[in-house]
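The values are calculated or read from the model by the stated rules, or taken from the named source; none is laboratory data. Here the structure is a predicted model, which is why all the values come from computation and not from measurement. FYI the Cβ positions are ideal-geometry reconstructions off the backbone, even for glycines, and counts take in every protein chain you see. Note: areas computed on protein heavy atoms with side chains; ligands, DNA, RNA excluded. Shrake-Rupley method; radii C 1.70, N 1.55, O 1.52, S 1.80 Å.
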Amino acid sequence: MTSTLLKSAALVLLTILVWTGINAGDKITWLMEVTPVTIVVPILWATYARYSLTPLLYTLIFFHAIILMIGGQYTYAKVPIGFDVQAWLGLSRNPYDKLGHFFQGLVPALAAREILIRGQYVRGRKMPGFVVCCIALAISAFYELIEWWVALALGQGADLFLGTQGDPWDTQSDMFCALLGALTTVIFLAGYHQRQLTSLLQQRD
């Protein structure tokens, strides 16, 4: 991806970040939800010249960031499009947070695959898929621990951040969605990603 395109994408994300922050219903919840964006995007910006990523990974990170910021603006349980999907599918709850957790498995799995293959840390055809799924699930589990710690620290003030909507199996279904995201990387995106990764490495050589 060209530097100009990445700068434009970063500007779009910054604009959305400011917009969602201004219009956030709960500023503390918004801040907690967008913290990964404010950490990851500057790191990607700083490392672009010496460790650029594949276009596929940049693109999915871009959409994941938007999902997080919109979720922070409304809180996941109140995102309008989630209510539309809930009505269309006849669901008992707003499912927008499940989209976020799906990407929480999809993007880390793809990032892990890229790092592991580029660094030649894992070899073979099947082992990378197994390892990246494990990494994605570990990240998902750690995020659930963070939500637990926040809940203990803030008490009732953490309800918007948790967004369980009264579902006693929310944690388990969140991790299942992350697993589905990781499996999507392994089963459906690995071939396309490998072609981009091979092209990127050839360009750098």
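Across bins of 5 angstrom width beginning at 0, how are the C-alpha pair distances of the chain distributed, in whole percent? Cα pair-distance distribution for the chain, in percent: 1, 7, 14, 18, 19, 17, 12, 7, 4, 1, 0. Solvent-accessible surface of the chain, taken per residue with a 1.4 Å probe and all protein chains present: 56 Å².
If the chain linking LEU14 and ILE81 were pulled fully straight, counting 0.36 nm for each residue of separation and taking away their Cα-Cα distance, it would gain 21.9 nm. Counting only protein heavy atoms and a probe of 1.4 Å, the accessible surface of the chain is 70% carbon and sulfur.
Taking K and R as +1 and D and E as -1, what net charge do the other residues with C-beta under 15 Å from the C-beta of SER173 add up to?
On the way: positive: ARG93, LYS98; negative: ASP97, GLU144, GLU147, ASP167, ASP170, ASP174.
Every neighbour counted, the sum reads -4.
Between LEU180 and SER3, how high is the FRET efficiency from 1/(1 + (r/R0)^6) when r is the Cβ-Cβ distance and R₀ = 35 Å? Nearest 0.05. It comes out at approximately 0.55.
Taking 7 Å steps out from each Cα toward its Cβ at GLN202 and ILE43 produces label points 3.0 nm apart. Charged neighbours of PRO128, selected by a Cβ distance under 13 Å, balance to +4 (K, R count +1; D, E count -1). Of the residues LEU145, LEU56, LEU154, the one that moves most in a GNM of the chain with alpha-carbon contacts below 10 Å is LEU154. Which parts of the stretch 36-80 would a label at TRP148 reach, counting a residue when its backbone N lies under 18 Å from a point 7 Å out along Cα-to-Cβ? Correct set: none at all. For the peptides 60-73, 20-33, 81-94, residues were scored by their other Cβ atoms within 10 Å and the scores averaged per peptide; the highest-first order is 60-73, 20-33, 81-94. Counting lysine pairs in the chain that sit 8 or more residues apart in sequence, or on different chains, and whose Cα atoms lie under 28 Å apart gives 5. For a label point 7 Å from the Cα of TRP169 along Cα→C-beta, name the residues of the stretch 74-97 whose backbone N is under 18 Å from it. Taking a point 7 Å out along Cα→Cβ of TRP169, the residues of the stretch 74-97 whose backbone N falls under 18 Å are 90-97.
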